[in-house]
1. Grab the other residues whose beta carbon is less than 15 angstrom from that of GLY31, score K and R as +1, D and E as -1, and report the net.
2. What are the ³J(HN,Hα) values, in whole Hz, obtained from phi via the Karplus relation 6.51 cos²θ - 1.76 cosθ + 1.60 with θ = phi - 60°, for each residue of the stretch 54-67 in sequence order, with x given for Gly and Pro?
3. Which of SER63, SER148, SER133 moves most in a GNM of the chain, Cα contacts under 10 Å?
4. Per residue of the stretch 128-144, what does 6.51 cos²θ - 1.76 cosθ + 1.60 with θ = phi - 60° give for ³J(HN,Hα)? Whole Hz please, x for Gly and Pro, Karplus curve as stated.
5. Starting at the first residue of the stretch 112-120, write each ³J(HN,Hα) from the Karplus equation 6.51 cos²θ - 1.76 cosθ + 1.60 with θ = phi - 60°, in whole Hz, x for Gly and Pro.
6. Once Rh for the stretch 4-118 is found with the Kirkwood sum over Cα pairs, what is the Stokes-Einstein diffusion coefficient at 4 °C and 1.567 mPa s, in µm²/s?
7. Near the amide H of GLY28, under 5 Å away, which other amide H atoms are found, from residues 5 or more places off or on another chain, if H is placed in the peptide plane?
8. Among GLU169, GLU26, which comes first, second and so on when ranked by fewest other beta-carbon atoms within 10 Å?
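Taken together, the values in this text are just the output of simple stated rules run on the coordinates, not laboratory data. Keep in mind the model is a prediction, meaning the values are calculated, not measured. Quick reminder, even Gly has a Cβ in these numbers, built from the backbone with ideal geometry, and neighbours come from all protein chains shown.
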Amino acid sequence: MTDTPGTAEPQHPIDGILDILKEAVEGGTPGQPTSFLDGTRADGSGNHGLLATLDGLSAAQASQDVHGTSVAGQARHTAFHMEVIVAWERDGQRGPFDWKGSFHPAQVSDSEWTELRARVRSAYDALVTFARSQKDQPVTGDLTGGLSGGVAHVTYHLGAIRQQLKAVE
């Protein structure tokens with residue numbers, strides 16, 4: 001994103017990365033231009049962010065198999081990845097991580113779907129909180145690379161989910 005007009009301080013690199021992550025997860029700010037998602041209208045409708053997309057589906061829809069995976073599986077994997085970024089960057093955990101298993105179970109009950117959506121939100125909140133806590137530290141390629149990779153990964157799975165919606169009844 002750009003620096004804030006009229007300020008002497010340029011935008012912190014972490015804030016720029018978090019702006020894009022916010023758009024991917026929360027959607028655009030109502031009535032404001034967006035970087036890559038279709039704009040959320042001023043009344044809040046038309047939000048194509050990850051959370052709004054998931055909230056628009058029932059457990060049955062999220063559990064439908066679409067070419068070997070489901071929206072629930074994609075959501076579970078996306079939450080897992082955000083959790084791993086924090087574990088890697090903050091806690092120094094280096095795995096092994098069960099990437100393949102992170103898509104399972106791909107089917108969810110109503111209560112599991114509610115819990116999974118809350119997990120996605122919690123993983124996102126934890127990642128943002130961690131990233132903001134690093135703003136007073138020297139900017140490193142490890143951190144900005146990890147965060148940028150996280151943004152790319154979340155947006156990839158958002159796109160996969162948005163494509164799956166075309167096949168979900």
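1. Taking every Cβ under 15 Å from that of GLY31, the sum is -3.
2. 5, 5, x, 10, 7, 4, 4, 5, 5, 8, 5, 6, 10, 6
3. With Cα springs under 10 Å in the chain, the top fluctuation among SER63, SER148, SER133 is at SER133.
4. 5, 4, 4, 4, 5, 5, 9, 5, 8, 9, x, 6, 10, x, 4, 5, 5
5. So the J values, rounded to whole Hz, are 5, 5, 4, 5, 5, 4, 5, 5, 4.
6. 80
7. The answer is THR40, HIS48, GLY49.
8. GLU169, GLU26
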